[in-house]
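Undergrad: After the structure tokens below, expect a handful of questions from me.
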Amino acid sequence: MNKKKIGILTSGGDCGGLNAAIRSIFFRAKNMYNMDVFGIKDGTAGLMQRPVSAIQLSYKTFEGYLLRQGGTFLGSTNKGNPYKFPNSSGEFIDRSKEIIDGYHQMKLDGLIIIGGDGSMQILKKLAKDGNMKIVAIPKTIDNDVGATESSIGFHTAVDIATQALDNLQSTAASHSRSMILEVMGRDAGHIALNAGIAGGADIILIPEIKYSIRGLIKKLNEMKKNNIQHSLIVVAEAVKKEDGTRVLHKYMDGEKRLGGIGDYIAEQLMKKTDVECRVTTLGHVQRGAPPTASDRILASAFGVYAVDLLNQEKFDRMVAWKDRKVIDVPIDEGISTYKNVERKDSLVETALSLGIYIGDNI
Ligand code: F6P
């Protein structure tokens, strides 16, 4: 029988645990099935290059540190939908065929894509249009892919945000200040809620639950009555201003990204009270950090299962973590179930029971 040849690509925003997943795919493919494994560079962009930009992976690739390193050594991209790809004159052109041709030029028996819901949506369409055989592994620090209880990268981001709160606590207490920590998570408040509980926050603001500056002030005043002069506030990047507008940061290239709500909260509190605030925006530290043990374990388990799916020619599936084990679901199902924080979630009740302010009227 001919040796099988498989590819791996990482797509979308990077996170802790991607290298661990690539490593696990390689070991399973090599040790169990003696497959040849190729890492495609820079996500789908590598398949647009001619020759295709890919490297053959070997045992040597994984000696040493990769398991422990954040990001993805293959590179990734979270810009440029290939169906509407911006060219140098600012027009949008369809480059999907180049990716499909690149895949077929490599003569792959299957491709494992490690990505979030956006990447999976695009790759699923490419696979359908171009007869590409894919299996998907969910990764996102936002943890919003509903079909899996956990996505690669989430635990690392929560851990980093928790460490930041641990570090902020002492300086908050030293100066009797309110320290505001802005975290990522896009439209889901999972990082803020989890880290806020783990890091002993007094106030957690998430996009799913309405807050008011009045509510925040009430909470800070209650703390003062108990002679507590300092506080920790965690705010998720997609929390809106009181008037309902989003706070966005515009980059040089015209891209707009969430960011800056922490400054708004600080400004409001300092305008309306005598509380002194300082803001820390955690940003990409949450993505580039070395993966936690649980992210390395999840990534390793996902990698093994994904290779088994390819070997069984079960394509168009996404691996997921459910009830303490790996399962697989159709990619469509994986991306159609968005999960943000809901009022009925245990962690919302936990936060409330700990006396954390998370919003009004809940
Ligand atoms: O989806 C992952 C994420 O880190 C979000 O939490 C964040 O809003 C966004 O990506 C940042 O994207 P970029 O790396 O393009 O700034």
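The values are calculated or read from the model by the stated rules, or taken from the named source; none is laboratory data. Owing to the predicted nature of the structure, the values given are computational and were not obtained by experimental measurement. Counting neighbours? That spans all protein chains shown, and the Cβs are built from the backbone with ideal geometry, glycine included. The protein model used for the area step is the full one, side chains on, heavy atoms only, and it has no ligands, DNA or RNA in it. Shrake-Rupley method; radii C 1.70, N 1.55, O 1.52, S 1.80 Å.
Undergrad: Please sort by residue number the GluC sites (Glu not before Pro) in segment 245-330 whose DSSP state is loop and whose Cβ has at most 16 other Cβ atoms within 10 Å.
TA: When the GluC sites (Glu not before Pro) of segment 245-330 are filtered for loop state and at most 16 Cβ neighbours within 10 Å, GLU255, GLU276, GLU313 remain.
Undergrad: Compute the distance in nm between two label points, each set 7 Å from the Cα along the Cα-to-Cβ direction, one at ARG68 and one at ILE217.
TA: 5.0 nm
Undergrad: Where does segment 196-255 land on Rg(C-alpha)/(2.2 N^0.38 Å)?
TA: Against the compact-globule rule of thumb, the ratio is 1.39.
Undergrad: For segment 102-205, compute Rh as the Kirkwood radius over C-alpha pairs and then the Stokes-Einstein diffusion coefficient at 10 °C and 1.306 mPa s; write the answer in µm²/s, rounded to an integer.
TA: 99 µm²/s
Undergrad: Out of every Cα-Cα pair in segment 50-174, what percent are more than 26 Å apart?
TA: Here the tail beyond 26 Å accounts for 40 percent of pairs.
Undergrad: Calculated FRET efficiency, ASP166 and LYS125, Cβ-Cβ r, R0 30 Å, to nearest 0.05?
TA: Once rounded, the FRET efficiency stands at 0.10.
Undergrad: Could I ask something else about it? Using Cα centres only, tell me the gap between segment 290-318 and segment 78-149 in whole Å.
TA: Centre-to-centre distance over Cα atoms comes out at 18 Å.
Undergrad: Name the longest site-free stretch of the chain, where the excluded sites are chymotrypsin sites (Phe, Trp or Tyr not before Pro) in a DSSP loop with no more than 10 other beta-carbon atoms within 10 Å.
TA: Longest stretch, sites excluded: 66-250.
Undergrad: Moving to a separate point now. Return the FRET efficiency for the residue pair LYS210, ASP263: r is the Cβ-Cβ distance, R0 is 25 Å, and the value is rounded to the nearest 0.05.
TA: With R0 = 25 Å, the Cβ-Cβ based efficiency is 0.80.
Undergrad: Report the extension gain between ASN87 and HIS104 in nm, rounded to one decimal, defined as 0.36 nm multiplied by the number of residues separating them, less their alpha carbon distance.
TA: 3.7 nm
Undergrad: Just want to confirm a number: the relative contact order over segment 217-298, from Cα pairs under 8 angstrom separated by 6+ residues, in percent.
TA: Worked out over segment 217-298, it gives 18 percent.
Undergrad: Further question on the same structure: Over segment 224-362, what percent of the accessible surface lies on carbon and sulfur atoms, probe 1.4 Å?
TA: Here it works out to 50 percent.
Undergrad: In addition: Taking Cα pairs under 8 Å and at least six residues apart, what relative contact order does segment 257-334 come out at, in percent?
TA: 16 percent
Undergrad: Something else: Using the structure shown, list the pairs from LYS84/LYS128; LYS218/LYS339; LYS241/LYS272 with a Cα-Cα distance above 19 Å, or answer none.
TA: In this structure, LYS218/LYS339 lie more than 19 Å apart at Cα.
Undergrad: Of all the C-alpha pairs in segment 126-181, what % are more than 12 Å from each other?
TA: Cα-Cα pairs in segment 126-181 separated by more than 12 Å: 73 percent.
Undergrad: Under 8 Å for C-alpha pairs, at least 6 residues apart: give me the relative contact order for the chain, rounded to a whole percent.
TA: 22 percent
Undergrad: On to the next question. How big is the Kirkwood radius of segment 174-325, worked out from every pair of different alpha carbons and given in Å to one decimal?
TA: 17.9 Å
Undergrad: What ranking do 143-150, 339-346 get when scored by the average of other Cβ atoms within 10 Å per residue, highest first?
TA: Ranked from most to least packed, the peptides come out as 143-150, 339-346.
Undergrad: Another question about this same structure. In nm, give the distance between the simple-model label positions of ASN227 and ALA173, each being 7 Å from the Cα along the Cα-to-Cβ direction.
TA: 1.5 nm
Undergrad: With Kirkwood's inverse mean 1/r over C-alpha pairs for Rh, give me the Rg to Rh ratio of segment 156-220, two decimals please.
TA: 0.96
Undergrad: A further question on this structure: For the chain, just the Cα atoms, rotate onto the principal axes and tell me the three extents in Å, largest first.
TA: Between the extreme Cα coordinates on each principal axis of the chain lie 76, 47, 36 Å.
Undergrad: Here's a follow-up. Looking at the chain, send over the antiparallel percent of its DSSP beta bridges, to the nearest 5.
TA: Of the beta bridges lying entirely in the chain, close to 30 percent run antiparallel.
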